[in-house]
1. Only one of these conditions is not met by residue 223: (1) within 17 Å of residue 193 (Cα to Cα); (2) crowded, with 19+ Cβ neighbours inside 10 Å. Which number is it?
2. Given the conditions (1) touching a Gly at 6+ places or on another chain (Cβ under 9 Å); (2) closer than 24 Å to residue 40 by Cβ; (3) open to solvent by 50 Å² or more (accessible area, probe 1.4 Å), and given that residue 145 satisfies all but one, which numbered condition is not satisfied?
3. Would you pick out the residues in the range 200-210 that are outside any strand (DSSP E or B) and surrounded by 22 or more Cβ atoms within 10 Å (Cβ to Cβ)?
4. Restricted to the range 100-120, and to residues that are open to solvent by 80 Å² or more (accessible area, probe 1.4 Å) and touching a residue at least 40 places away in the same chain (Cβ under 8 Å), which residue is farthest from residue 170 (Cα to Cα)?
5. Any idea which residue in the range 13-32 is modelled with the highest pLDDT, counting only those that are open to solvent by 30 Å² or more (accessible area, probe 1.4 Å) and outside any helix (DSSP H, G or I)?
6. Within the range 211-230, track down each residue that is part of a strand (DSSP E or B), under 18 Å from residue 268 (Cα atoms) and not small (Gly, Ala, Ser).
7. Would you say residue 150 is more than 25 Å from residue 42 (Cα to Cα) and surrounded by 16 or more Cβ atoms within 10 Å (Cβ to Cβ)?
Amino acid sequence: MSTDAQQHQQTGGPDAAQEWQRWHEGRVLAVAAPYGPLSLTGTHWLSDYPEGRIPAVPGQWREDGDEVVLTATAEDGIVVDGKPLTGEVRLSADRGPIDDSRVAQGERRLVVLRREGLWAVRDFDPDSPSRHAFSTIDATPYDPRWSLAGTYRPYAEERAVRVPNADGVERGLGLGGEIAFTVDGDEHTLQVAVEPDGSLWAVFADATSGNGSYRFRFLRPGAPAGDGSVHIDFNRALLPPCAFADHFICPFPPPGNSLTVPVPAGERNRLDA
């Protein structure tokens, strides 16, 4: 986004609503894309299948230290790096776009995942029922009241907290600081993680969560300026991936990230046809 566009957005200028509308339309297209979050049909942890056979997934999968070993026959129809696999291949975690994953079977993409030392295989299928059922994302039209000036306060050292995840398992969440902002004269704070590019990421709930909006949402402010100032735009509050498919392992908000005020802005819910 250009500097002029950012300034319009931060001041609630005349272009801010148009910028938001373009962002919203882009989000709907990304979610509905062939390998968007709606296409995830399963996350299969290898520790649940010690014999290596996952009922819904072709091939045999087993952990071997820092790699996963996949064994397949011609009947499995698995392709690795664009070539049919007959035999064995060693895999590491996929980190790129879903459609660039190394392993495929027809249109399906089988993505290798690692979390806290545990390995899993994710199955993305463009023909998933969720993708066919999807209509759009229910989102509140742009409201300049929710485009806020904030302050980032870094912690002296990164903190790690354990939080429940959408699959019922508790996992670690790293937090690098907090952002402070004012709503109707009252200061509020949210703890945030710091992404590799310096941008911030918050998992939060508010008084609308579960009552007009999804049970929690994501907020992704840009990188703060040198003086700690940061633009906080709740108009771009995001539904987490688990709002689109049950097989994601999104973290719940850490303690302190449940706002007492309602935030009737941003994405609210997934809508199906």
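The values are calculated or read from the model by the stated rules, or taken from the named source; none is laboratory data. What you see is a predicted model, and the numbers here were worked out from it, not measured in a lab. Counting neighbours? That spans all protein chains shown, and the Cβs are built from the backbone with ideal geometry, glycine included. For accessibility, only protein heavy atoms count, side chains too; no ligands or nucleic acids. Shrake-Rupley method; radii C 1.70, N 1.55, O 1.52, S 1.80 Å.
1. The single condition residue 223 does not satisfy is (2).
2. (2)
3. Listed by number, the list holds a single entry, 206.
4. Restricting to residues being open to solvent by 80 Å² or more (accessible area, probe 1.4 Å) and touching a residue at least 40 places away in the same chain (Cβ under 8 Å), the top hit is 107.
5. 15
6. If we filter the range 211-230 for residues that are part of a strand (DSSP E or B), which is where we start, we get 213, 217-219, 229-230.
From what's left, under 18 Å from residue 268 (Cα atoms): 213, 217-219.
Hits for the range 211-230 are 217, 218, 219.
7. yes
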